[in-house]
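Here, each number is a calculation from the coordinates, and none is a lab measurement. The structure displayed is predicted, hence computed values, not measured ones. Note: ideal-geometry Cβ built from the backbone for every residue, glycine included; neighbour counts use all protein chains shown.
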Amino acid sequence: MNSQEKLDAIFRRIANEYGKLNEKQVAFAIREIGRVRNDVAALLAEFVADDGTIKKQRLMRLLRELEQLERSMRQYGEQALNKTINESAEFAIEQANAAVKTVVGTTLIKSGIERLNRNVVEYVATRFSDDGLVLSDRIWNVSGEIRDAIASQLRADIIKGESVSTMVRNIRRIYENETWMIRRLVITEGNTAYRTANAMSIERSEVADWVRIVENGSRHPRHQQHRCYELAQENRYGQGRGIFKPTDTEIYSPHPQCSAFIVPVLKDEYL
């Protein structure tokens, strides 16, 4: 096994470890944004009548109050996503440095790690996805859709004369049904930060001029339709399949929830 093969194996192991970290990030974001459920329960308690229901006459005022809860969801979401992006970038840079040092005896980058981390965070926060939105827009969309679902449920429950305790149970169910949007967002943005940090690290390194994108979704039934699979098969520069410049931003985020990872292609003198 030559140095490149050893490095490939280590980066695959690191990618699997990152997958476990990303799952924890998903759970954290769901918990954080889920704090709004308690906020809704507290709000309903302010509107409840003596019989345990909320009168129809108070419906419109209650729905207006949900606008503040949507702002809270955005705040919780932004905090959780910022944490995810920072953690992912730091993990990628630290692990890549250690992996390259293990194989070739020198770190991937020797200085400017804090600046690199800031560059990654800024890129992920400001990049435009295929839908033309930046990260803050996507967080607003998620919080808005959850807020709309909650509002629709409360409107129906109040009109039917349901008790506040029933409303609280229904809101919790609504939130649990909508967590797929949070999961999708955290997986997408976390993995984007992870790949971006690796690519930017390699761009600043002395040991590699090229990177290889490795498709990591073979268990998905339609993985061959994914953009990362197409990129991993492409020989754009005549350097081999899946090999790109570390500045090719297309490989930073091939598609939503992409788990592909990036490996440095060592220069000949380091093989």
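Brief remarks on what is shown
- Within region 80-101, not a single residue is of a type outside the set (Gly, Ala, Ser), buried (at least 19 other Cβ atoms within 10 Å of the Cβ) and not in a helix (DSSP H, G or I).
- Among the residues making up region 11-61, those that are within 23 Å of residue 78 (Cβ to Cβ) and assigned to a loop (DSSP other than H, G, I, E, B) are 34, 35.
- Number of positions in region 15-46 that are surrounded by 14 or more Cβ atoms within 10 Å (Cβ to Cβ), touching a residue at least 40 places away in the same chain (Cβ under 8 Å) and out of contact with any strand residue (DSSP E or B) (no Cβ under 8 Å at 6 or more places or on another chain): 16
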